[in-house]
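J.: Got a structure for you, written out below as C-alpha cells; questions coming shortly.
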Amino acid sequence: MKVLANTLRPGHAIEHEGKKYVVVKYELILPGKGNAFIAVDMRDAITGVKKNERFRTQETVEKLMTSEKTCTMLFAEGELINLMDTETFDQFNVPVDMAGEAKIFLTEGMEVTVDTVDDVPVGVRLPMNITLEIIEADAVVKGQTASSSYKPAVLENGVKTMVPPHISVGTRVVINTADATYVERAKD
C-alpha cells in the first residue's frame, strides 16, 4: 500500500528500488532554506545491508504488510540469535541487529515478537519493559532529593542506566527496552 514518506516510523517495512527494507531510523529535517525532507536509515530485510535514503515529505513509498509471530529466544551464536516459534516449535536464526538498539537486553528464554513479510523475518521486537537486578550502584549522598537527581547504576546484563538515589545493589528494577531508562522498582 502506498503511504506518504512522512508517515514512516522505525520498524516499518517498505519496498524501495525493488528491495525490501526495514526502517531503522527516521528524521524529519527542516533546512533553513528549501523544502523539508525525511532522512531514513534502512536495513535490507534479506542481506542486512544498511542504506541511507532521503525522501521529500510528500513523496509516496510502498509500505509492506507485516505479520507478527511470538517466538522464544533460545540462544545467541556470534552475530545470530536462534529463535523458536511458540506455536509451531520451528527454530530459525536471525541477525542480532534485527532487534535494533534493544539487542543489549536479549536474554535466553525471553519472549519476543518477530515481524515477517512473506514469511521472511524483517524485525525483532522485545517486550516494552523488562525486570533486571542492579549489580553496581553509587552510594546515596545525603541531601539529594529523589525527585531531581539520579545516580549511575549497572544492571545484571552490564548495561549502564540512571536510577533514583533510593535504589541500591540487589534491587530489582523495571527498565524500558527502547531507551534503557529506569521505569520503577520491581513489584516482585
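J.: Out of (1) more than 19 Å from residue 5 (Cβ to Cβ); (2) buried (at least 16 other Cβ atoms within 10 Å of the Cβ); (3) without any contact (Cβ under 8 Å) to a residue 60 or more places away in the chain, the odd one out for residue 43 is which?
T.: With respect to (1) more than 19 Å from residue 5 (Cβ to Cβ); (2) buried (at least 16 other Cβ atoms within 10 Å of the Cβ); (3) without any contact (Cβ under 8 Å) to a residue 60 or more places away in the chain, residue 43 is out only on (1).
J.: Now for a different question. Among the residues of the stretch 62-73, are any farther than 29 Å from residue 158 by Cβ, free of Cβ contacts under 8 Å to residues at least 24 places away in the same chain and open to solvent by 30 Å² or more (accessible area, probe 1.4 Å)?
T.: Checked against the condition, which is being farther than 29 Å from residue 158 by Cβ, free of Cβ contacts under 8 Å to residues at least 24 places away in the same chain and open to solvent by 30 Å² or more (accessible area, probe 1.4 Å), the stretch 62-73 yields no hits at all.
J.: Just to be sure I understand the filter: pairs with C-beta atoms under 8 Å, separated by 6 or more residues or on different chains, first member in the stretch 93-122 and of a type in the set (D, E, K, R), second member open to solvent by 80 Å² or more (accessible area, probe 1.4 Å) and part of a helix (DSSP H, G or I). Which pairs pass?
T.: 97/103
J.: Any chance you could count how many residues in the stretch 110-154 are at pLDDT 90 or above, of a type outside the set (Asp, Glu), closer than 26 Å to residue 10 by Cβ and assigned to a strand (DSSP E or B)?
T.: Total satisfying the criteria: 7.
J.: Considering only residues of the stretch 18-40 that are of a type in the set (A, V, I, L, M, F, W, C), out of contact with any Ser or Thr (no Cβ under 6 Å at 6 or more places or on another chain) and surrounded by fewer than 17 Cβ atoms within 10 Å (Cβ to Cβ), which is farthest from residue 97 (Cα to Cα)?
T.: So the residue we want is 30.
J.: Which one is farthest from residue 137 (Cα to Cα), of the residues in the stretch 156-174 that are of a type in the set (A, V, I, L, M, F, W, C) and open to solvent by less than 50 Å² (accessible area, probe 1.4 Å)? Step through it out loud before you land on a result.
T.: Taking the stretch 156-174 as the starting set, the residues that turn out to be of a type in the set (A, V, I, L, M, F, W, C) are 159, 162-163, 167, 169, 173-174.
Imposing the further condition that a residue be open to solvent by less than 50 Å² (accessible area, probe 1.4 Å) reduces the set to 159, 163, 167, 173-174.
Working: 159: 12, 163: 9, 167: 8, 173: 13, 174: 15 Å.
Checked the stretch 156-174; the qualifying residue farthest from residue 137 (Cα to Cα) is 174.
J.: Quick one: is residue 86 closer than 15 Å to residue 116 by Cβ, of a type in the set (Val, Ile, Thr) and either in contact (Cβ under 8 Å) with a residue 40 or more places away in the chain or open to solvent by 60 Å² or more (accessible area, probe 1.4 Å) (or both)?
T.: Working: closer than 15 Å to residue 116 by Cβ: yes; of a type in the set (Val, Ile, Thr): yes; either in contact (Cβ under 8 Å) with a residue 40 or more places away in the chain or open to solvent by 60 Å² or more (accessible area, probe 1.4 Å) (or both): no.
When the stated conditions are applied, residue 86 does not pass them.
J.: Checking residue 77 against (1) open to solvent by 70 Å² or more (accessible area, probe 1.4 Å); (2) over 25 Å from residue 180 (Cβ atoms); (3) over 19 Å from the mean Cα position of the chain (by Cα); (4) free of Cβ contacts under 8 Å to residues at least 60 places away in the same chain, which test does it fail?
T.: Exception for residue 77: condition (2).
J.: Got a number for residues in the stretch 162-178 being closer than 21 Å to residue 110 by Cα and either free of Cβ contacts under 8 Å to residues at least 24 places away in the same chain or in contact with an Asp or Glu (Cβ under 6 Å, 6 or more places away or on another chain) (or both)?
T.: Residues of the stretch 162-178 closer than 21 Å to residue 110 by Cα: 171-178.
Those still in the list that are either free of Cβ contacts under 8 Å to residues at least 24 places away in the same chain or in contact with an Asp or Glu (Cβ under 6 Å, 6 or more places away or on another chain) (or both) too: 172, 174.
The total comes to 2.
J.: I would also like to ask the following. Take the stretch 95-109 and flag every residue that is within 9 Å of the chain's Cα centre (by Cα) and either modelled with pLDDT of 90 or more or open to solvent by less than 60 Å² (accessible area, probe 1.4 Å) (or both).
T.: Of everything in the stretch 95-109, those that are within 9 Å of the chain's Cα centre (by Cα) and either modelled with pLDDT of 90 or more or open to solvent by less than 60 Å² (accessible area, probe 1.4 Å) (or both) turn out to be 98, 99, 100, 102.
J.: Related question: Just to verify a result, which residue in the stretch 12-52, among those that are of a type in the set (Gly, Ala, Ser) and touching a strand residue (DSSP E or B) at 6+ places or on another chain (Cβ under 6 Å), is modelled with the lowest pLDDT? Spell out how you get there, then give the answer.
T.: Filtering the stretch 12-52 down to residues of a type in the set (Gly, Ala, Ser) leaves 13, 18, 32, 34, 36, 39, 45, 48.
From the residues that got through so far, the ones that are touching a strand residue (DSSP E or B) at 6+ places or on another chain (Cβ under 6 Å) too are 13, 39, 45, 48.
Working: 13: 89, 39: 92, 45: 81, 48: 76.
This residue is 48.
The values are calculated or read from the model by the stated rules, or taken from the named source; none is laboratory data. Bear in mind the structure is a predicted one, so any value in this text is a computation, not a measurement. Cβ sites come from the backbone with ideal geometry, for glycine too, and all protein chains shown count toward neighbours. The protein model used for the area step is the full one, side chains on, heavy atoms only, and it has no ligands, DNA or RNA in it. Shrake-Rupley method; radii C 1.70, N 1.55, O 1.52, S 1.80 Å.
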